[in-house]
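As structure tokens, the structure follows; a few thoughts come after it.
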Amino acid sequence: MTTPAFIITIDTEGDNLWQNHRQIKTENARFLPRFQMLCEKYAFKPVWLTNYEMAVDADYIAFAKDVIARGQGEVGMHLHAWNSPPEFDLTGDDWRWQPYLIEYPDEILREKVVYMTTLLEETFGTKMVSHRAGRWAFDSRYARLLVELGYKVDCSVTPRVNWRNAKGSPAGNGGTDYQRFPTGAYFMDLDSISQPGDSPLLEVPMSIQYKHSAVMNSFKQGYDRLRGKYRSPSVNWLRPSGANAAQMIAVAEKTLAEGNDYVEFMLHSSEFMPGGSPTFKDEADIERLYQDLEALFSWLSERTRGMTLAEYYELKKTKPGI
């Protein structure tokens, strides 16, 4: 690949799920065309990783079908276990605790993934090949099931990040620890998902960089251990957080300088809507978000080419050495 790929992933889900609602709204579907238009301005193709409540929203269905029909993006699968059918009460109050899918019994995990896959494929008339786990929680069982169902690419890995302290079920062990996972794309070993293997499932980890040097990270983590704390190193993601265009460009620049043949961006669909997230609370915040996106996309347009996850997979499959 002479020009690195720029992969845009959007967790496409209900409004402001950070507030732990008992009823999920999907008003953010009406705010997605503006972002799609911005992507097309720079010849980028977003991947709309779609959760249950959006997959049954009429406005979103019409929007996504148009994107697919024009070849200007991709729909993939995203799954939040606590509200995705079929119902199964793991904790006594799953809407409160929001347990990870990997905390559910094997048969329930399977039923939920099969249900979502079937719903998306029947709704959008296209095979689902791309996936991101809800709350970034992934394991070997989940990976094997994706392969069985014909998925080709996953993007659940967040290298350098440990989710163990982020609880799902109160009786569980927290999320997945990705601190020692690869930072570049790799075909996954289904028995040890942190290792490259010979499975057909391509892992495309998020673009995440340390905030500090390796020496400083080692010092800080040693200090935390002495205090009985086990926090992840401080990191910057390739994702907007409000007035952070320069920081995002720095993450992309360092990722490319390390030899990666792609950079991967993410955001939640509700973050395009005023009040749809804790970060972007009003219209002024949204305008600042789009200023940052313009700056980032302009910088990347001169150094990368837009690709969906499915397109990137096909390239890696035919040219595995790149």
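What to note about this one:
- Under 30 Å of direct C-alpha separation, and excluding same-chain neighbours fewer than eight residues apart, K127 reaches these lysines: K25, K41, K45, K65, K112, K152, K316, K317, K319.
- Coil-residue GluC sites (Glu not before Pro) of segment 1-108, DSSP, other Cβ within 10 Å capped at 12: E87
- Full extension of the chain between E302 and Q179 yields a length gain of 41.2 nm, computed as 0.36 nm times the residue separation minus the alpha carbon distance.
- Note on the chain: helix-only mean residue ellipticity at 222 nm, from DSSP H runs of 4+ residues weighted -39500 (n - 2.57) and normalised by residue number, equals -10500 deg cm²/dmol.
- Just so you know, the averaged projected area of the alpha carbon convex hull for segment 121-202 sits at 6.1 nm².
- Coupling constants for segment 251-256 follow from the phi torsions by the Karplus curve (6.51 cos²θ - 1.76 cosθ + 1.60, θ = phi - 60°), and in residue order they are 4, 4, 4, 5, 4, 5 Hz; glycine and proline get x.
- Accessible area of segment 1-63 belonging to carbon and sulfur atoms, whole % at 1.4 Å probe: 51
- Principal axis extents of the C-alpha atoms in the chain (largest first, rounded to whole Å): 51, 46, 45.
- Dimensionless Rg ratio for segment 252-322, taking C-alpha atoms and the 2.2 N^0.38 Å reference: 1.39
- Extended-chain gain in nm, criterion 0.36 nm per residue less alpha-carbon gap, D93 and R110: 4.0 nm
- Residues with amide H under 5 Å from that of A5, placed H, sequence gap 5 or more: Y262, V263, R305
- Computed label-point distance, nm, for sites K317 and I68 using a 7 Å Cα→Cβ extension: 1.8
- Nearest-10 value in Å² for the accessible area of R305, using the 1.4 Å probe: 110
- Segment 251-322 versus segment 105-120: alpha-carbon centroid distance in Å: 29
- Solvent-accessible area per residue, Å², over the chain with all protein chains present [probe radius 1.4 Å]: 43
- The convex hull drawn around the Cα atoms of segment 82-171, when projected onto a plane and averaged over every direction, covers 6.1 nm².
- Extension gain from K167 to E253, taking 0.36 nm per residue of separation minus the Cα-Cα distance: 27.7 nm
- Compactness of segment 19-109 - radius of gyration and Dmax, Cα, Å: 15.7, 47
- Cβ-derived FRET efficiency at R0 30 Å, D198 paired with A243, nearest 0.05: 0.10
- Between Y210 and D282, the simple label model (points 7 Å from Cα in the Cβ direction) yields a spacing of 4.0 nm.
- Remark on D189: its backbone amide H falls under 5 Å from those of Q195, G197, a criterion applied only to residues 5 or more positions apart or on other chains, H modelled at 1.01 Å from N.
The values are calculated or read from the model by the stated rules, or taken from the named source; none is laboratory data. Here the structure is a predicted model, which is why all the values come from computation and not from measurement. Positions of Cβ are generated from backbone atoms using ideal geometry, with glycine treated the same way; all protein chains shown enter the neighbour counts. All accessible areas refer to the heavy atoms of the entire protein, side chains included, with ligands and DNA or RNA removed. Shrake-Rupley method; radii C 1.70, N 1.55, O 1.52, S 1.80 Å.
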